[in-house]
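To keep things clear, I will list the structure first and then write my remarks on it.
The values are calculated or read from the model by the stated rules, or taken from the named source; none is laboratory data. This structure is a prediction, so every number in the text was calculated from the model and none was measured. A quick note on method: Cβ atoms are made from the backbone with ideal geometry, for glycine too, and the neighbour counts reach across all protein chains shown. Remember, those area values only see protein heavy atoms, side chains included, never the ligands or the DNA or RNA. Shrake-Rupley method; radii C 1.70, N 1.55, O 1.52, S 1.80 Å.
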Amino acid sequence: FDKLVAYDLALDERSLKACPGESGAMLAYGSQIEIDIVTEALDLTGRLGGSPTRLAARRATLTYPGGFALSDVNAVIGEADNAVRLTSAQLTGGFDEFLGGEFEGATAALDVVPMDLSEMDGRWNYTDDVLTVADTAFTLTERTQNGDAPRFNPLSSQGARLVLEEGQISALAD
C-alpha cells in the first residue's frame, strides 16, 4: 500500500506478504464481503496523531466481519528517549461502533517516567481521540539504574482504568 490511514493512525508505504486465513480465501463475496487475511513478521511505521510510531508483530490476522488479532506485539510511539513502549503477547480488536478489544501479557513503559507496568491483561478502546484501558490487571515497578534499589515494592492491581486524553494520563486502581 502507498499509505493507510485509520482513525489517527497514518501508516507509511509498505509491502506486505498476505495469505488467506482459515477460510482459504482472502476475499469472498456471498451475501456480504468477507475478508480473511494473515501476514507474518509485520513491521509498520507511520504516525499516531503527531507522533512517530512503529508497530511490529509476529503474526497479524484481519477478518471481516470480525476484527483483527496481533501476536507478540511491540509498539513504540514517540521520539527516541521520549517514547511510550508497549508490548503484548496478544492484542485483539474490532471496528464496530468504536475501535477496541482485549489484550493479554502486556507491558508498558514511558521513557520519561521511571516506572513500568507489566503482567497486564484487560480491555481497550479508542473513541473520540481518547484511549481507555479498562478492567485491567497489572503490576507496577520502579525502573532503576546502576543497580540502585527500588524505592517501593511492586504494586499489583485488578480492575484498573487508565485514560489517555490530550496527552494526559489519568488512572484509577485498587
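Tabulated data
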| item | result |
| --- | --- |
| Test: VAL113 is over 26 Å from ALA41 (Cα atoms), in a strand (DSSP E or B) and either β-branched (Val, Ile, Thr) or touching a residue at least 60 places away in the same chain (Cβ under 8 Å) (or both) | no |
| Filter result for the condition that a residue is closer than 18 Å to GLU79 by Cβ, surrounded by 13 or more Cβ atoms within 10 Å (Cβ to Cβ), of a type in the set (Val, Ile, Thr) and modelled with pLDDT of 90 or more, over THR61, THR53 | THR53 |
| Lone unmet requirement of (1) under 17 Å from the mean Cα position of the chain (by Cα); (2) surrounded by 13 or more Cβ atoms within 10 Å (Cβ to Cβ); (3) at positive phi for VAL76 | (3) |
| Identity of the residue in segment 153-174, more than 20 Å from TYR126 (Cβ to Cβ) and at pLDDT below 90, that ends up surrounded by the most Cβ atoms within 10 Å (Cβ to Cβ) | ALA173 |
| Index of the failed condition, PHE103 passing every other in (1) open to solvent by 30 Å² or more (accessible area, probe 1.4 Å); (2) at pLDDT 90 or above; (3) not hydroxyl-bearing (Ser, Thr, Tyr) | (1) |
| Filter pass, GLU119 being over 20 Å from ARG14 (Cβ atoms), open to solvent by 60 Å² or more (accessible area, probe 1.4 Å), of a type outside the set (Ser, Thr, Tyr) and outside any strand (DSSP E or B) | no |
| Subset of segment 122-139 that is farther than 19 Å from ALA89 by Cβ and open to solvent by 30 Å² or more (accessible area, probe 1.4 Å) - its residue that is modelled with the highest pLDDT | ASN125 |
| Unmet requirement for PRO150, which otherwise passes all of (1) open to solvent by less than 80 Å² (accessible area, probe 1.4 Å); (2) part of a strand (DSSP E or B) | (2) |
| Only one of THR45, THR61, THR39 that is within 22 Å of the chain's Cα centre (by Cα), of a type in the set (S, T, N, Q) and within 19 Å of ASP96 (Cβ to Cβ) | THR61 |
| Spans of strands (runs of 3 or more DSSP E) in segment 1-108 with at least 1 residues within 14 Å of TRP124 (Cβ to Cβ) and of a type in the set (Gly, Ala, Ser) | 67-77, 84-94 |
